[in-house]
Structures are given as structure tokens and as C-alpha cells.
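Okay, structure first, notes after.
The values are calculated or read from the model by the stated rules, or taken from the named source; none is laboratory data. All values reported here derive from a predicted model rather than from experimental measurement. Here Cβ is always computed from backbone atoms with ideal geometry, including for glycine, and neighbour counts include all displayed protein chains. Surface accessibility is based on the protein's heavy atoms, side chains included, excluding ligands, DNA and RNA. Shrake-Rupley method; radii C 1.70, N 1.55, O 1.52, S 1.80 Å.
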Amino acid sequence: MNKSRKILSFLSLTVVIFFSFYRLGLDSVTTDDTHFKNWSYVFMKEYEQKKYDRLYVSVQPGVLTIYTNILGFKSFYFLRDKLGFFQDITETQTDLFIHIFSKIPKSVLVLLCLIAASLLVKRVFGFRIGLLFFLLMGLEPFVLGNTRVIQTDILPAYLVFISTLIFYRIKEKGNYYYYALVGTLLGLSNIEKASTVVVLPIFLGFIMVRRESIKVKLLKMITLVSVFLLTMILLFPAFWGNLSFTFWRLFIGSFIQGVKGQDAETFTYATTAHVRQWYFYFRFLYNQLSEFTLVGLFSGFIFLVRNSLNKNYDKLSKYIFLVVVPLIFLLLFQLSTKKVERFMLYLFPFIILYASSGIVWVASRYKLFTIIIVTIITIRIVQFIFLFPDFLIYRNFLTLDRNYSTNYISWGVGFYKLSNFLETTYGFNKVIYIGDYQSLRLFYNGFVLDKEVLDINSYYDLVIKTNEQEDNKIILESSKLDGIYSPYKYVNFYIYKRL
């Protein structure tokens, strides 16, 4: 049995690592990726000049992402300037390598968080659930797609989930170092994503309702809160330069602008484009959760009903705390005017934990469990061959919502394939104008310029629209539609050629 476990674990680890890093950088490029790369460079320069009061560059604030980006920058420049690598590459290739190196440290950190979370799940719920959690979470298409982009909420989602599992395991008395560890993880999570502070009062509330003396409760809460604050202040130098403003932005400002649906990234506070219908998140989860996760959730629901009917409340009670945290997040994001699909990443670890438990409940025999693991790996390999490199284009084929479009979710996909199509069809050295020029310029060796600056005097070979409804008088008067390239359903590039 131990040998079988090792084989399954090694196979699962190998597949997850492969799809997490294979040709990393030749995939989705979100607009926030460029935003965070630019601000990371600014952060690095301001920090080196000790201008700490100018370090609050984003409402996110994305500090861990900024640090991993800086590590990527410095690694590339060290290899190029000190060791002589990458000397004969073009400017376009240099931008691409910087992009790739920016992704590597973040992806490694996310993988380590996945391993840590899976080991905790194994310790709490057993080997089978732990291994299934690792496999399902590591190969969940929406999660995998977000793991491979620079700006993503998957890192704080893991930190919140790990904190919740550790807090769940804390015994009633003593072990104050566990509370310090939880405080550290929540502090790291909060300087990456300000909204994760909502977990802190949940933990404090659970401490308050425990049957302990007031003194013990106070010591635990003081330990948790003090380490939480200390972690943020030490690791986010913006506190060093402007303590009050940074506290306000983290604990009040980000929530005010977020709930109002205002664009706080540029400090203009204009109405964000991410205002959605009230059912946006529910429709997203129904269509984007993978088939294995949905089947697992259905099995878990049957397990829940069965134990409720048998009045076996002991098995159910241990899940209550692990249900409260994701429900609070769902409520927070549901009430907010601004709705972004990646915010749902905070629910994914919990959802996949429930799904893993449901599948294991069905697969009571180890042989059946082994068959399920091998089946998941096989199907994922086949799926990802067709999805690569744009994992965010995935949609669950089991859902009945045929009008659901992944276009808004998969923003930034298809540019690597578009570049290959352009080079094959039109050549390598064309002058191209496109709206999302910073994505295409990473892959195309010609000249890629911002369509917003296109005027009557501009020379160009091609103009590309990513939206058929985009209107541009210059395009209509001086060019004609030469073709539509559609690497995926709902992803269309309208290519205009100069007359």
C-alpha cells in the first residue's frame, strides 16, 4: 500500500509541476500583468532611494507579487550582465524573457503553497483526500491559468486556506506559537490582497466563543493580532514612510472603493468596468468549475444528506468552520459592486476540499481510488493539450448553460497563437496596431504599436481589433477586413490590411 501511495503521489506531483511550468510565459497576458511589472520596477527604484512614502502603488496592494517580480528582474539581469547570457537577443525577446522571469518566482511560491495546503489536508482528513485535493487543485483549469499569470489572487487564496486549516487544528488550550503562525500568514495575505483582512475577525470570533477563561482568550487574540500587524509593518515598507495613509488604504480605503465599484488602482476613482449582474459569480462557478469538482460536490452533497438523516452530526460539525470562511468571502464579493472572476479563487480551495471529500466517500475501495486518480490525470493531459497555452479558456462541458461565454474571463488569451498566425500569414516585420499591444509585442518580432495613437498620418501594415464593435474612422477609410483569426470560440481577432 505504501509503495502504491508513493507512485500515485509522484505521478500527481510530476503532472502538476509539468503543467505549471511548461513553456511558462507563452500563455495568457492580462493587462494587470503589465501594470504590476511596471509598478514593481517603480517600487524597486523608490525603495533603493529610500522613498518609502511613495511605495503604496496599488490598492491590492500586491506586495508579494511585487517582490517576486523584482526577484525575477534581478535574476534575469544578473544572468545577462554578470554571467553573459542573453547577449544576442532582440528588444522584443528581452521583453519576453523579463516577462518569463517575472512569472517564475511567483509560480514557484504558488506551487509551494499548494504542497503545504495539501500536506495539511492530508494531516487533517487523511492521505486520499490530501492527494485528491493536490491533484484537483493543481489541475483545476481556472486555478492553473491563474497560477501562470503574474497578477492573480491565487497566492492570498492559498494563504487564507492554510491559515484556516491551521486555526482549525489548534487545540483549545496553549500552543500560542500556532496563533503567531496564523497571524504571520494572515499578515502576508493582507499585504498581497487587502480584502483578506475579513478573515481576522472570523478567527477572533471563534476564539471568543470557546470555553476558556477571559485571560486565555485575550492572550490568544493579542498574539494573533500583534503578529498580524507586525508582519505587515515589517514586510511592507510603505508603512515606514506613511503609516497612517497605508493603514487607511489597507483597512478602509480599499473596501470603500471596492464596494462602490470605483477604480482605485489609478487613484482616479472612476467607475470600474467590472460592474456585473447579481448572479455573475454563481453563473461563473457553475460554468468554470471542472467536471471532476462538480461530480465531487454532488457526491459530497449526498454524503451530507445521508449523515444528516442518520443524525451523524459529529462528522458534519468539523466542516462548519471550513464553511464559514468561504461563505464570508462570497458574501463580501457578492455585496461589492465590482465583480471580478478571479476573486472567486478564495473559494476554490474550500470547494475542492469538499469535492475531494465527496469523491473519496464514493471511492471507498483503494483500487477504485487509484482508478479515479489515473482517470483524472489522463483526461487532464488530453484536455490541456488542446487548451495550452491558454488555460483560462476552459469551460465545463457538463454544464447546460449554452449561452455562457468565456470571453470576459479569458481576456488576454490567444496572443501567442495570434503571433504565430501573423508571422506565418503576413511575415515577421510588419507594422501592426492593436489595442492590447503590450500583450502581442511580447511574441511578435515586428513592430507592435498602440491602436489608440493611430492617426491619419500613421504608417501601418495591419490593424487588429479584438472586438468587432470597436469603431475607428481611420481603419474604415484606409483599410479593409482581410480575415478573422479565431484560435478559440469567443476569441476573435479582426485583421485589417492597409489599402
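Key figures
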{"quantity": "Where only C-alpha atoms are counted, convex hull volume of the range 48-138 per residue in Å³", "calculated": "174"}
{"quantity": "10 Å Cβ shell holding at most 10 others, DSSP loop, GluC sites (Glu not before Pro): longest site-free stretch of the chain", "calculated": "173-467"}
{"quantity": "Test item: Cα-centred dipole of the range 110-232, Lys/Arg +1 and Asp/Glu -1 on Cβ, debye", "calculated": "540"}
{"quantity": "Given charges at beta-carbon only (K, R positive; D, E negative), |dipole| of the chain in Debye", "calculated": "2440"}
{"quantity": "Largest-first principal axis extents, alpha carbons of the chain, Å", "calculated": "78, 56, 50"}
{"quantity": "Candidate residues ASP153, ASP401, ASP482, ASP88: accessible-area rank, largest first, probe 1.4 Å", "calculated": "ASP88, ASP482, ASP401, ASP153"}
{"quantity": "Above-threshold pairs, the threshold being 29 Å between Cα atoms, out of LYS193/LYS451; LYS193/LYS430; LYS6/LYS74; LYS74/LYS193; LYS82/LYS417", "calculated": "LYS193/LYS451; LYS193/LYS430; LYS6/LYS74; LYS82/LYS417"}
{"quantity": "Estimated FRET transfer efficiency (THR424, ASP88; beta-carbon r; R0 25 Å; 0.05)", "calculated": "0.55"}
{"quantity": "Neighbour net charge for ILE484 - beta-carbon separation under 12 angstrom, K R +1, D E -1", "calculated": "-1"}
{"quantity": "At R0 = 30 Å, FRET efficiency that the Cβ-Cβ distance of ARG365 and PHE298 yields, to 0.05", "calculated": "0.95"}
{"quantity": "Cα-based shape type of the range 321-399, given that a ≥ b ≥ c are square roots of the gyration tensor eigenvalues and the cut on a/c is 1.5", "calculated": "oblate"}
{"quantity": "Given charges at Cβ of Lys, Arg, Asp, Glu: the chain dipole, positive-most of ILE385, ASN2, PHE329", "calculated": "ASN2"}
{"quantity": "Distance (nanometres) between label positions extended 7 Å along Cα→Cβ at LEU11 and GLU468", "calculated": "4.5"}
{"quantity": "Cα-based helix-to-principal-axis angle, 214-235 vs the chain, degrees rounded to 10", "calculated": "20"}
{"quantity": "Fraction of accessible area attributable to carbon and sulfur, the chain (%, probe 1.4 Å)", "calculated": "63"}
{"quantity": "Length released on extending from ILE381 to PHE127, taking residue separation times 0.36 nm less the Cα-Cα span", "calculated": "89.1 nm"}
{"quantity": "Mean accessible surface per residue for the chain, computed with a 1.4 Å probe while every protein chain stays in place, in Å²", "calculated": "46"}
{"quantity": "Integer Hz, Karplus 6.51/-1.76/1.60 couplings in order for the range 132-137, x for Gly and Pro", "calculated": "5, 4, 4, 6, 5, 5"}
{"quantity": "Base-10 log of normalised Debye intensity for the range 1-91 (one unit scatterer per alpha-carbon) at q = 0.11 Å⁻¹", "calculated": "-0.53"}
{"quantity": "Modelled FRET efficiency - R0 45 Å, LEU499 with ASN38, Cβ distances, 0.05 increments", "calculated": "0.80"}
